[in-house]
1. Please pick out the residue among L198, L188 that is in a loop (DSSP other than H, G, I, E, B) and touching a residue at least 24 places away in the same chain (Cβ under 8 Å).
2. Would you point out the residue of segment 115-125, among those that are closer than 19 Å to M167 by Cα and free of Cβ contacts under 8 Å to residues at least 40 places away in the same chain, that is surrounded by the fewest Cβ atoms within 10 Å (Cβ to Cβ)?
3. Among the numbered criteria (1) assigned by TED's automatic domain parsing to the domain that holds I244; (2) surrounded by fewer than 14 Cβ atoms within 10 Å (Cβ to Cβ); (3) touching a residue at least 24 places away in the same chain (Cβ under 8 Å), which one does C158 miss?
4. In segment 101-140, what residues are among the β-branched types (V, I, T) and under 21 Å from K87 (Cβ atoms)?
5. What's the number of the condition D261 fails, among (1) assigned to a helix (DSSP H, G or I); (2) acidic (D, E); (3) modelled with pLDDT under 80?
6. For segment 16-33, enumerate the residues that are loosely packed, with under 12 Cβ neighbours inside 10 Å and of a type in the set (V, I, T).
7. Is it the case, given these coordinates, that T147 is hydroxyl-bearing (S, T, Y) and within 18 Å of S121 (Cβ to Cβ)?
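The values are calculated or read from the model by the stated rules, or taken from the named source; none is laboratory data. Quick caveat: nothing in here was measured; it's all calculated off a predicted structure. Note that we place each Cβ from the backbone using ideal geometry, even for glycine, and neighbour counts take in every protein chain shown.
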Amino acid sequence: MSTARHPRVCEVCNTTFYVRTYRLRQQPRFCGATCMGIAMRTLDEVRQCAECGAPFTVRKRKQEKENRIYCSLSCHWRVVGREKAQKTLDGFWDRMERCGHDGDLPCPYCCWIWKGARSTSGYGKVSHNGSDRPAHRRAWEIWNERTMPPELDGAHYCHTRRCCNPMHIHAATPKENMADALRDGRTLFGSRDGNSKLVETDIPEIFRLHDEGWTKKRIAVHFDVHVTSIQNVLARRTWKHVQITGDRLHYTRRGKRLHPDTPQVAQVHALRLQGKSLRVIADIVGLSEPTVYRYMLIAQRQPATLPDAQFVLSQAPEMPQIDRLSIYERDRGICHICKRKVSRKTFTIDHLIPRIYGGSNEPPNLAVAHLRCNVRRHTGKRIPAQLRLF
């Protein structure tokens, strides 16, 4: 090994120092550690963050990037996220069919139909901050430049699920949103529900038979439904959109329905007209005094003279009624999903093409199914029974 010494000049103190031959490849620039430390400290640079404006030091002796403009990774990823969001925002309005009638404001008449991905409920969806958001809700937030509270729903004035026109969307509570759907007839009520065994014209018949003295169980057997369904109809808990006028019955305090012309009520009233006391009438009729007193109050009311009650149907949307029994007989009571027998009392009607995707209530689009099979069927996968429609 050669031990020759070669002169060099220090870049800090400008003094001459000697370097042996085997160290020439290292290209030494300083005479010692002191001058090296001074030189490295002078190479540090103070810069200003391009995002938050805070000063930071670039330490080049740690081989940091010379083009660094952010003080931390949080500022760096904040800028990257904003650029990515802006890129997504630029293409957001391009993913819907716009009418072209809008100028400075959206067109208040036409719907902007979403052309991108959709959820199973039929609403458009878009990715935002790593999660899927409803497209119409995101359109409202972008247009109004504020976030919609999570406890509110993005309700449509036009009732079009894929519409993203900000003029057609408003923030509403779930109660208000449901009230709009009920007012405009958007929910599945009455015979519009494919699982309903009754129709609107059956409701007046149920009230007529009950007024004639039929028991609820007998009416349920007559219409092939459960007795609870008849109880809910008579108590006006269900089928409330069918308006019934000409109420000829009266309620007692115990909930019993009586007519003023009932023989027992008429007998109590006749005895009372004869001047009998309440106790004597109770002994003759065989009832308690409070019951006799209630019968007397019912008899004093003016009875209705109409032979039949007048039943008025509300203006429900016109929907073709589903003949459930004919569908059951056509499919021979076989579930189109599991290929097993279904009971006549528990079968359901399944739409091969769901209604949210344009399916109709026509018989070719209907099939018999178990309740569990109907609920668990994946709407995005075609089943063998659907192939006959295509």
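1. On the way: L188 fails: touching a residue at least 24 places away in the same chain (Cβ under 8 Å).
Step by step, each of L198, L188 is checked, and only L198 is in a loop (DSSP other than H, G, I, E, B) and touching a residue at least 24 places away in the same chain (Cβ under 8 Å).
2. Step one: of segment 115-125, the residues closer than 19 Å to M167 by Cα are 115, 123-125.
Now restrict to residues that are free of Cβ contacts under 8 Å to residues at least 40 places away in the same chain: 115, 123, 125.
Details: K115: 14, Y123: 19, K125: 20.
The selected residue is K115.
3. (1)
4. Going through segment 101-140, the residues among the β-branched types (V, I, T) turn out to be 113, 120, 126.
Of everything in segment 101-140, just one residue is among the β-branched types (V, I, T) and under 21 Å from K87 (Cβ atoms), namely V126.
5. Status for D261: all satisfied but (1).
6. T16
7. On the way: hydroxyl-bearing (S, T, Y): yes; within 18 Å of S121 (Cβ to Cβ): no.
Criteria not met by T147.
The rows are residues; the columns are (1) among the hydrophobic types (A, V, I, L, M, F, W, C); (2) on the phi < 0 side of the Ramachandran plot; (3) surrounded by fewer than 17 Cβ atoms within 10 Å (Cβ to Cβ).
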{"position": "K175", "(1), (2), (3)": "no, yes, yes"}
{"position": "D193", "(1), (2), (3)": "no, yes, yes"}
{"position": "K197", "(1), (2), (3)": "no, yes, yes"}
{"position": "P204", "(1), (2), (3)": "no, yes, no"}
{"position": "G213", "(1), (2), (3)": "no, no, yes"}
